Amino acid sequence: MAPNDKAVLYSMREGRELVSYLKDIEIGIPADDIDELDRRLNEAEKLLLDDKNTLAGAVLSEFHDLMDTIVQRDFSSLTPRQIDSISRSDQRPTTLDYARELFDHFEEIKGLEANTSDPAVVCGFARLDRNDVMIVGHEKGSFHEDFRRGGSALPQGNSKAMQAMQQAERFGVPVISFIDTPGSWPLEECLPAQIIARNLEQQYLLKVPHVSVVIGEGGSGGALAIDVSDYRIMLDKAYYSVISVSGGAAIIARDKRHITEDDMSRAAMNLHLTAADAYRFGVVHKVVKEPAIGVRKSDKDFFPIVKEAVIEGLDRVKTSVTPFFIPDSNYKNTWQIKKIQLPLLFRRRYRMYRRIGWFHTSISDKIKHVFGELYRVKWIHVLSTPVWKSVDLFRRMKLKDMEEPLLLLDEEQPKQLTYEDRWVECPNTEYHGCQDIWVPTLFEEYHGACPNCGYHFRLTIDHYIDLITDSGSFREFNEGIESINPLGFDGYNEKLNKAKRITRRKCAMITGHAFIGGVPVVATFTDVRFRAGTLGGAEGEKFCRAVKRALREKKPLVAVHQSGGARIEEGILALMQMVKTSIAIARFKKAGGLYISVQTDPTMAGVLASYASLGDFTIAEPNAQVGFAGIHVIEQTVKQKKPKNYQHSDSVMGRGGIDYVVKRDELKSTIMKLLELRKKW
Ligand SMILES: [Zn+2]
């Protein structure tokens, strides 16, 4: 074949791919134009088959002229839905493309130990100019590579990624991660949520700079599993979101059975998932502009731009901890962080994530917060500690004389089973022959557990406070922090107002001082009646402040979780609360704090994949639902029917995700035993 023919064939193939790409991404190019492109291609193909190569070449060049006029139209105002469709195209470069184009000598590490080989995550050392770097990324592969599950990492894959990062740390080599996943694979058998939580904590502790690039899909917890970076770059046709557009559409659709294209568009708009939004919210440091219709594997000119951004990111991280640093990637080990600079790196990381999330604060809370910050000054700390200790002592003495308080039972409480005045049937009646139980007796005498079979009914926050803390000892703080609607999400204001009205709280997280068996602790609880106890900006902030207070006052932290996950209506800001809370816990534990995590019914998704799984000890109640995703979502994704007890706490304990499953009447005594382990710090 003559070289000229080869060029025609190449041009033909490139043309076919371009047309299929335009059909795929749905960015509003008229169907007539695409038909015309198709027609010219078919004509050229026919001429080629008839050996009329010169004529074919001429038709092809007409084709490319038309293509040029089409792609040079104004695509500057693509809708979020259109960006979402571009981000999922299989013609976009994947991690392996970037690894080969941006770096030299990339060699993939397939698996670092038994059971960690997962083709959806690739990692390996490479060279960036004269420096070694570790590349970690989600790999979608081409569309026929089913084994990569479209970039959905297995829990083992996330473990592998973490091991690769820790290996990089051992050699003082910076980590560069490429994010491109619709979400992690929900394989409860291998503890996906718990492994994501551990990754969040461990990434914070990495002693090397970490720059991440969101190259396609930034799908919720799965993305975060390798993206607790110091500097985040995002391509402008990529998305970052707490839930997929179709998942978001299912929430806002009026008719849940028939999700329309309009629902999808509205969901994409409401979720604020574009790079511009992420930049505005302070989640992303740099947005890299792609070609107008999105980048494709063949756009070789694009890779140097990303490379430049990565180098800039590494320089920025290094500069932030090293004054007078002169950036030069041709100098070996240029981005290594010296031991003396590490505290600065950690503090920078903590502050960066601490700032993310929107909420309201009352004036009194603002003033208290400012006074709290004064505590950092050493002499104020030293002088005031005895004062606080005597306040605690005084409170404890006063408590001893107090009577048992009654449960909060007033008429205005919302209708929850725990407050009803009727008989209830135990779900196990059929197997265990349990008698019907009078609700007030069930919750006051038996702590909501069937006295016959031990089935645990769902409990509400007031009962938990009463059950776990010494009676009357719980003193709430930061009660003025309030959930708001940062994205202007449709219908969220009404939902929030309703939740605030029925619970008479400002957000789902309740934090305070308490005693447990006479030991002063900082305790947090979740009100599941407030938007299903989900984690939003206000909840994340309140939890972090509680952790900070425990750290400052050197008290153990006991957190009781009851939550449906991250709050969809707060989009990426809610998602980032997972990182924020996990980092707070990581700092607390590193400083020597004791954290006891209690998982009650239900502890799910984003909350389980972050602070709820990071306890020094994790306790759960019997038959509590503890899982990474809803059971229907899991069955649909893995195409397999799962057993009824798939997400029961006992099953999770069997897999190693929980330390103790404890009945309610033994819950407090178990926590008291564990509190004995606290050390002086
Ligand atoms: Zn029963």
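The values are calculated or read from the model by the stated rules, or taken from the named source; none is laboratory data. Predicted model, so just to flag it, every value in this text is computed and none were measured. Cβ: placed from backbone, ideal geometry, glycine included. Neighbour counts: every protein chain shown.
Some notes on this structure:
- If you check Leu675, Leu608 for being within 30 Å of Glu444 (Cα to Cα) and either among the β-branched types (Val, Ile, Thr) or more than 20 Å from the chain's Cα centre (by Cα) (or both), only one passes: Leu675.
- When Thr469 is tested against (1) modelled with pLDDT under 85; (2) in the same structural domain as Val519 (by TED's automatic domain parsing), only condition (1) is not met.
- Meets criteria (free of Cβ contacts under 8 Å to residues at least 60 places away in the same chain, assigned by TED's automatic domain parsing to the domain that holds Asp392 and not in a strand (DSSP E or B)) for Lys555: yes
- Taken over segment 319-363, the residue count meeting the criterion of being under 27 Å from Arg505 (Cβ atoms) and modelled with pLDDT under 80 is 0.
- Within segment 207-216, the only residue that satisfies the criterion of being over 18 Å from Ile311 (Cβ atoms) and surrounded by 23 or more Cβ atoms within 10 Å (Cβ to Cβ) is Gly216.
- Hits in segment 652-671 (condition: buried (at least 20 other Cβ atoms within 10 Å of the Cβ) and out of contact with any helix residue (DSSP H, G or I) (no Cβ under 7 Å at 6 or more places or on another chain)): Val652
- Residue list for segment 341-386, filter: in a helix (DSSP H, G or I), closer than 26 Å to Ser229 by Cα and in contact (Cβ under 8 Å) with a residue 40 or more places away in the chain: Leu342, Leu345, Phe346, Arg348, Arg349, Tyr350, Met352, Tyr353, Arg354
- Qualifying residue in segment 611-628 (condition: hydroxyl-bearing (Ser, Thr, Tyr), surrounded by 24 or more Cβ atoms within 10 Å (Cβ to Cβ), part of a loop (DSSP other than H, G, I, E, B) and on the phi < 0 side of the Ramachandran plot): no
- Given (1) aromatic (Phe, Trp, Tyr); (2) at pLDDT 85 or above; (3) within 16 Å of the ligand (Cβ to nearest atom), index of the condition Tyr464 fails: (3)
- Within segment 611-648, the set of residues being among the hydroxyl-bearing types (Ser, Thr, Tyr) and in contact with a Gly (Cβ under 8 Å, 6 or more places away or on another chain) comprises Ser613, Thr618, Tyr646.
- Of all the numbered requirements in (1) crowded, with 24+ Cβ neighbours inside 10 Å; (2) closer than 21 Å to Val310 by Cα, Gln166 misses one, and that requirement is (1).
- Enumeration of residues in segment 88-111 that are of a type in the set (Val, Ile, Thr) and either free of Cβ contacts under 8 Å to residues at least 40 places away in the same chain or part of a helix (DSSP H, G or I) (or both): Thr95
- Number of positions in segment 254-291 that are under 30 Å from Val317 (Cα atoms) and out of contact with any strand residue (DSSP E or B) (no Cβ under 6 Å at 6 or more places or on another chain): 10
- Flag for Asp74 being modelled with pLDDT under 85 and of a type outside the set (Ser, Thr, Tyr): yes
- Residue match in segment 255-278 (condition: in a loop (DSSP other than H, G, I, E, B), surrounded by 24 or more Cβ atoms within 10 Å (Cβ to Cβ) and over 20 Å from the mean Cα position of the chain (by Cα)): no
- Among the residues making up segment 234-285, those that are of a type in the set (Lys, Arg) and in contact (Cβ under 8 Å) with a residue 12 or more places away in the chain are Lys237, Arg266.
- Residue within segment 651-661 that is under 21 Å from Pro451 (Cβ atoms), outside the structural domain of Glu188 (by TED's automatic domain parsing) and not in a loop (DSSP other than H, G, I, E, B) present: yes
- Considering the conditions (1) outside the structural domain of Arg545 (by TED's automatic domain parsing); (2) crowded, with 19+ Cβ neighbours inside 10 Å, Tyr595 is excluded by exactly one of them, (1).
- Residue in segment 473-485 that is crowded, with 21+ Cβ neighbours inside 10 Å, over 27 Å from Arg567 (Cα atoms) and modelled with pLDDT of 85 or more present: yes
- Count of segment 428-449 residues which are near the ligand (Cβ under 10 Å from one of its atoms), in contact (Cβ under 8 Å) with a residue 12 or more places away in the chain, surrounded by 15 or more Cβ atoms within 10 Å (Cβ to Cβ) and over 36 Å from the mean Cα position of the chain (by Cα): 2
- All positions within segment 558-581 that are under 11 Å from the mean Cα position of the chain (by Cα) and assigned to a strand (DSSP E or B): Ala566
- Segment 442-476: number of residues that are out of contact with any Leu (no Cβ under 9 Å at 6 or more places or on another chain) and charged (D, E, K, R): 3
- Residue list for segment 313-325, restricted to those being over 12 Å from His210 (Cα atoms) and surrounded by 13 or more Cβ atoms within 10 Å (Cβ to Cβ): Thr319, Ser320, Val321, Thr322, Phe325
- The residues in segment 312-340 that are hydrophobic (A, V, I, L, M, F, W, C) and either more than 14 Å from Asp230 (Cβ to Cβ) or part of a loop (DSSP other than H, G, I, E, B) (or both) can be counted, and the count is 6.
- Of Gly454, Gly480, all but one fail to be in contact (Cβ under 8 Å) with a residue 60 or more places away in the chain, in contact with a Ser or Thr (Cβ under 9 Å, 6 or more places away or on another chain) and either among the small types (Gly, Ala, Ser) or within 16 Å of the ligand (Cβ to nearest atom) (or both); the exception is Gly480.
- Residue within segment 284-307 that is in the same structural domain as Pro155 (by TED's automatic domain parsing), at pLDDT 90 or above, out of contact with any Gly (no Cβ under 8 Å at 6 or more places or on another chain) and under 22 Å from Leu200 (Cβ atoms) present: yes
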